[in-house]
Amino acid sequence: NGNKVFWSRGNGWVLGGLALTLEQMPKTYKNRLFYVNLYKDMAQRIKDLQPADGLWRTSLLAPEAFPHGEVSGSGFYIFALAWGINNGFLDKATYKPVVVKAWNALAQCQQETGKVGWVQNIGYDPKPADKDSWQNFGTGAFLLAGSEMLKLN
């Protein structure tokens, strides 16, 4: 559409990576507040970009270009936002409805065989996904999200 591209999975790696970094970063690290603020700012923006059905599209700022949500980016967001609630970085009343809606939608992407579809294939920018598209990192994001949702619930 001629605008900047903000790729869901790429941003999901960043937000999930910030959560994992903050988990290991010493509380006494002199630049910790920078990373805490970056995490919180990004979490707020991702929350605000959540589509009505709960799953983020492969292109965050052009969701209309993709008719269905994408699992890997959404999984990383669920993980990172639930982690933030579980670790006191994000307000539970504000963020829990976001992660619950997203988790319920994400669970619908798992097929009866256990396969998790709707994962964008390997690439460097937003592309379409479908119910049969699968990648191991999509399943990994699904499992990360599920593990943090278990802690939340």
| query | Residues with beta-carbon under 14 Å from that of Glu148, excluding Glu148: net charge, scoring Lys, Arg +1 and Asp, Glu -1? | reply | +2
| query | Around Ala105, what is the net charge, scoring Lys/Arg as +1 and Asp/Glu as -1 over all other residues with Cβ under 13 Å from its Cβ? | reply | 0
| field | For region 45-153, with +1 on Lys and Arg beta carbons and -1 on Asp and Glu, the positive-most of Ser59, Ser133, Ala80 along the dipole | value | Ala80
| note | Longest principal axis of the chain (C-alpha) makes with the long axis of helix 32-48 (C-alpha) an angle, in degrees to the nearest 10, of 40 degrees
| task | Could you state the angle between the C-alpha long axis of helix 71-86 and the longest principal axis of the C-alpha atoms of the chain, as a value from 0 to 90 degrees rounded to the nearest 10? | result | 30 degrees
| Under a GNM of the chain (C-alpha, springs under 10 Å), which listed residue has the highest mean-square fluctuation: Ala107, Ala52, Ala141? | Ala52
| For region 75-153: accessible area per residue (Å², 1.4 Å) | 51 Å²
| If you roll a 1.4 Å probe over the chain with all protein chains in place, what percent of the accessible area is carbon or sulfur? | 56 percent
| task | Return the loop-located chymotrypsin sites (Phe, Trp or Tyr not before Pro) in region 1-102 (DSSP other than H, G, I, E, B) with at most 13 other Cβ atoms within 10 Å of their own Cβ; answer none if there are none. | result | Tyr29
| Mean-position separation - Cα centroids, region 9-28 and region 34-59, in angstrom | 14 Å
| message | So I have (i) 1.02; (ii) 0.96; (iii) 0.94, and one of them is Rg/Rh (Cα atoms, Kirkwood Rh) calculated from this model. Which one is it? | response | (ii)
| said: How tilted is helix 136-152 with respect to the longest principal axis of the chain? Cα atoms for both, answer in degrees (0 to 90, nearest 10). | reply: 50 degrees
| request: Please identify, among Leu81, Leu33, Leu15, the residue showing maximal mean-square fluctuation in a Gaussian network model of the chain using a 10 angstrom Cα cutoff. | output: Leu33
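The values are calculated or read from the model by the stated rules, or taken from the named source; none is laboratory data. Predicted model only: the values in this text are computed from it and were never measured. Because the Cβ atoms are built from the backbone with ideal geometry, glycine has one as well, and the counts that use them run over all protein chains shown. The accessibility values were calculated without ligands, DNA or RNA, using every heavy atom of the protein model including side chains. Shrake-Rupley method; radii C 1.70, N 1.55, O 1.52, S 1.80 Å.
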